[in-house]
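A.B. asks: My questions will all concern the structure given below.
The values are calculated or read from the model by the stated rules, or taken from the named source; none is laboratory data. This is a predicted model, so every value here is computed, not measured. Cβ sites come from the backbone with ideal geometry, for glycine too, and all protein chains shown count toward neighbours.
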Amino acid sequence: MIKIFTSRITYDGIIVEGEEPSEIFELDNERGLIAASPLKYKLKITPINGGYLATGSAEAIFELICDKCLAHFKERVKNSDICHLYENYHASELDLTEDIREDILILLPHRFMCSESCKGICFKCGTNLNIKQCSCHDTEKPDSVWNELNNLKI
Ligand SMILES: [Zn+2]
Ligand SMILES: [Zn+2]
C-alpha cells in the first residue's frame with residue numbers, strides 16, 4: 001500500500017519513493033495479463049489548500065498475450081504525468097494506492113500486440129506466421145478473420 005503519514009509532509013513537500021509487490025494490481029489473469037514486476041514509484045507530496053498534491057511517476061512491467069499470435073510478451077508501462085489533488089484532506093494517512101494503480105493500468109493498450117507488424121497465426125493450420133510461412137493457400141485473409149473474432153468479444 002502506498003500510504004504516507006501526513007504528519008511527515010513538510011511545508012516544502014516530501015519525496016516518497018518505493019516499490020509495491022505486483023499483487024497490488026489485483027489482476028485476475030484476464031486476457032492473460034500478468035504484472036511481471038513490482039510497481040515502482042517516485043512521488044512528490046506537497047501540502048496545498050488544506051489538502052495535498054501528489055505528482056511524479058510510476059512504472060511496472062506486464063506480461064501480455066498477443067491478441068493476434070498468442071505469443072507471450074512483456075511491456076513496460078510508465079506514467080510520468082501523475083498528478084492528484086486531495087482537497088480538504090484531514091486523515092492521518094494519505095492513501096495513494098488506488099490512484100497510482102489506476103495511473104498505470106490506464107496506459108495498458110486496448111489491443112495487445114507483440115509488435116505492430118505481427119502477422120498472427122494461420123486460422124487454418126495454426127502456424128505462427130511470424131515464425132514461418134505455412135503452405136495453406138487461402139483466398140480469405142487470416143487477418144480479417146481474427147479482426148472479426150476480436151470484434152465479437154467486445
Ligand atoms: Zn503477435
Ligand atoms: Zn496455414
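A.B. asks: Would a scan of the stretch 17-38 turn up a residue that is in a strand (DSSP E or B) and in contact with a Pro (Cβ under 7 Å, 6 or more places away or on another chain)?
C.D. replies: Yes, the stretch 17-38 contains a residue that is in a strand (DSSP E or B) and in contact with a Pro (Cβ under 7 Å, 6 or more places away or on another chain).
A.B. asks: Here's another thing I want to ask about it. Of the numbered conditions (1) assigned to a strand (DSSP E or B); (2) surrounded by 19 or more Cβ atoms within 10 Å (Cβ to Cβ), E75 satisfies every one except a single condition; which is it?
C.D. replies: Result: E75 passes all but (2).
A.B. asks: Would you please name the residue that is surrounded by the fewest Cβ atoms within 10 Å (Cβ to Cβ), looking only at residues in the stretch 109-136 that are touching a Cys at 6+ places or on another chain (Cβ under 7 Å) and farther than 28 Å from R76 by Cα?
C.D. replies: Here the answer is C125.
A.B. asks: Then there is this: In the stretch 57-72, what residues are within 16 Å of ligand 1 (Cβ to nearest atom) and outside any loop (DSSP other than H, G, I, E, B)?
C.D. replies: F62, E63, L64, I65, H72
A.B. asks: How many residues are assigned to a helix (DSSP H, G or I) and either within 16 Å of ligand 1 (Cβ to nearest atom) or without any contact (Cβ under 8 Å) to a residue 60 or more places away in the chain (or both) if we restrict to the stretch 100-128?
C.D. replies: So the count comes out to 2.
A.B. asks: Which members of the stretch 51-68 meet the condition of being surrounded by fewer than 20 Cβ atoms within 10 Å (Cβ to Cβ) and under 18 Å from L96 (Cβ atoms)?
C.D. replies: G51, L53, T55, S57, E59, listed by residue number.
A.B. asks: State which residue is farthest from A36 (Cα to Cα) when the search covers only the stretch 78-101 and only residues that are surrounded by 15 or more Cβ atoms within 10 Å (Cβ to Cβ) and aliphatic (A, V, I, L, M).
C.D. replies: L94
A.B. asks: Enumerate the pairs (first residue in the stretch 41-53 and within 11 Å of D12 (Cα to Cα) and in the same structural domain as Y86 (by TED's automatic domain parsing); second residue anywhere and crowded, with 20+ Cβ neighbours inside 10 Å and among the hydrophobic types (A, V, I, L, M, F, W, C)) with beta-carbon separation below 9 Å, excluding pairs fewer than 6 apart on the same chain, so at least 6 apart or on different chains.
C.D. replies: Taking only residues 6 or more apart or on different chains, the pairs are K44/A54; I45/A54; I45/L94; I45/L96; T46/A54.
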